[in-house]
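Chemist: The following block contains the structure, expressed as structure tokens.
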Amino acid sequence: NAISMAADIAICTISLGNHPENKTLLEMVDNIVKAADLATVVLNDVLNMQRLQSGLFVFATVPFHLAEAHKQVMRVMQYQMAHKQIHLEWQIDPLLEDKVVIGDANRVKQIIQNFLSNAYKFTPYNGRVRLKVEQLSTTQEKIRIRTSVSDTGPGIPEHERGRIFQPWGQLRAGEQSGTGSGLGLALSKDFVEKGFGGIIDFESSPNGTTFFFEVEFKLSTPSVLELNYATRSRSTELKHHEPPPPPHQWATLSAVSMVSDVQPHETPRMHILEGVEDQMLPETIVVDVVIVDDSLVNRNLLAKILQSFGVSCLMCENGKEAVDVLSGNGERFIECRLVLMDKEMPVMDGHEATRVLRNNPNFRSHIVGVTGNALDSQISEFISCGVDEVITKPVKKERIEQMLRQYGLLSPTTPEQ
């Protein structure tokens, strides 16, 4: 993670310069990032497989929106599919739109992402990938669904089909691509069978392959989760009815800072202007994103990335500062669309800050957890506190872009600045 984070900082710095050798430097650093990313994927998959085989893996049992879990993965993957001009389609049973179930949302999303990643890998340019989610049966207490991902790839050779769900069982074409750990489908099989008591299989022909799983969930009773989700969904559709205030108006917010006025050749920094009178500051300040992280390096990196997309942001050093400005407990009230919340911080950590904000009926923003701990139990714990989802460090620029589009801060056609 440290190597990848350092490489990302180097990419941000190099890309802002105009030296002729920068293209070569960027290619070299990009290779470091790709190698580190692949090593991270392999390590996480190996750790998950070991915990599953030893019986130490703990599956979460928390309420989550079934349809939204699928949509979140689709929103992320649609930008990857666009790199190969793959037509990505999805069909979600209307009966599932309002269903809240009990289970491990992260494992559901991981299975779907494994299916879609494989489809991406084997589908040719201008091909087609389709996700379909169906309600198979329902009672007052339970619901059974089927999720399938179909592609227009070359199909799976007959002699390789027995290896599909085996650990390290990559197809020859997958091995040649140099991507993935060879554990994705094996983990998916264990998640479906051991975690959900369901079935997982595939169908293949020379015209394409369909992977699917069928699982049963316990239905959740109406809860605060549904109300919070409905409120936050509406908030992503809000339009900016007023522009952010000039940069100097953020100066007296103690350790909170705005970085929208940082020039391309500068490093984002705390802006401190002395002598600004309180009456010069608006009571409510509107901003796109609030970054909450105790690491100045992490805050600056995230701010630089957000700046490249023309997104305004504020930075807080810990959860207590974020709670104060987002709840109106301090001198000023900050209204934002999205909060990037670090997990481990002094004074007040991300868990506690998220719980406090979620219990505030006036707080309607999305919260995305950010953590360097990729253990599934830690991620599930963070989600149970009320974050919409969790992304792991090192945070990539591409992932930030996907997230901004997902939560309505960028339109599909918004270019990078």
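The values are calculated or read from the model by the stated rules, or taken from the named source; none is laboratory data. Quantities reported herein were computed from a predicted structural model and do not represent experimental measurements. Cβ coordinates were reconstructed from backbone atoms using ideal geometry, including for glycine residues, and neighbour counts include every protein chain displayed. These accessible areas exclude ligands, DNA and RNA; they are computed on the full protein's heavy atoms, side chains included. Shrake-Rupley method; radii C 1.70, N 1.55, O 1.52, S 1.80 Å.
Chemist: Please give the peptides 195-205, 101-111 ranked by average Cβ packing (other Cβ atoms within 10 Å per residue), highest first, as a rough proxy for protection.
Modeler: 101-111, 195-205
Chemist: Count charges around C316 for me, please; just the other residues with Cβ under 11 Å from its Cβ, Lys/Arg as +1, Asp/Glu as -1.
Modeler: For residues surrounding C316, the net value is -4.
Chemist: Hey, which of these cross-link pairs are over 28 Å Cα-Cα: K189/K397; K142/K343; K71/K393; K99/K194? Intermediate values should be presented prior to the final figure.
Modeler: Numbers: K189/K397 31 Å; K142/K343 33 Å; K71/K393 22 Å; K99/K194 23 Å.
From K189/K397; K142/K343; K71/K393; K99/K194, over 28 Å: K189/K397; K142/K343.
Chemist: Give the accessible area for E193 in Å² (nearest 10); use a 1.4 Å probe, count only protein heavy atoms, and leave out ligands, DNA and RNA.
Modeler: About 80 Å², rounded to the nearest 10.
Chemist: Okay, moving on. Go through L47, L338 and list them by solvent-accessible area, largest first, probe radius 1.4 Å.
Modeler: L47, L338
Chemist: How would L410, L88 line up by accessible area, probe 1.4 Å, largest first?
Modeler: From most exposed to least exposed: L88, L410.
Chemist: What order, most packed first, do the peptides 56-64, 211-219 have when packing is the mean number of other Cβ atoms within 10 Å of each residue?
Modeler: Ranking, from highest mean packing down: 211-219, 56-64.
Chemist: So, counting K/R as plus one and D/E as minus one, what does the shell of residues with Cβ under 15 Å around D294 add up to?
Modeler: Summing Lys/Arg as +1 and Asp/Glu as -1 gives -3.
Chemist: Tell me the net charge near M81. Cut-off is 12 Å between Cβ atoms, M81 excluded, with +1 for each Lys or Arg and -1 for each Asp or Glu. Write out the running numbers ahead of the final one.
Modeler: On the way: positive: R75, K84, K121, R128, R130; negative: E89, D151.
Here the charged neighbours net out to +3.
Chemist: Under a crude label model (7 Å from the Cα following the beta-carbon direction), how far is Q50 from E134 in nanometres?
Modeler: Label at Q50, label at E134, 4.0 nm between them.
Chemist: Using modelled backbone amide H atoms (1.01 Å from N, in-plane), which distant-in-sequence or interchain residues come within less than 5 Å of G103's amide H?
Modeler: Here the answer is V62, F64, since their amide H atoms fall under 5 Å of that of G103.
Chemist: Shifting gears a bit: Determine the relative contact order of region 58-177: mean sequence separation of Cα pairs under 8 Å and six or more apart, normalised by residue count, in whole percent.
Modeler: 25
Chemist: Amide H to amide H, which residues 5 or more places from K142 or on other chains are under 5 Å from it, using H placed in the peptide plane?
Modeler: Hits under the 5 Å cutoff: L219.
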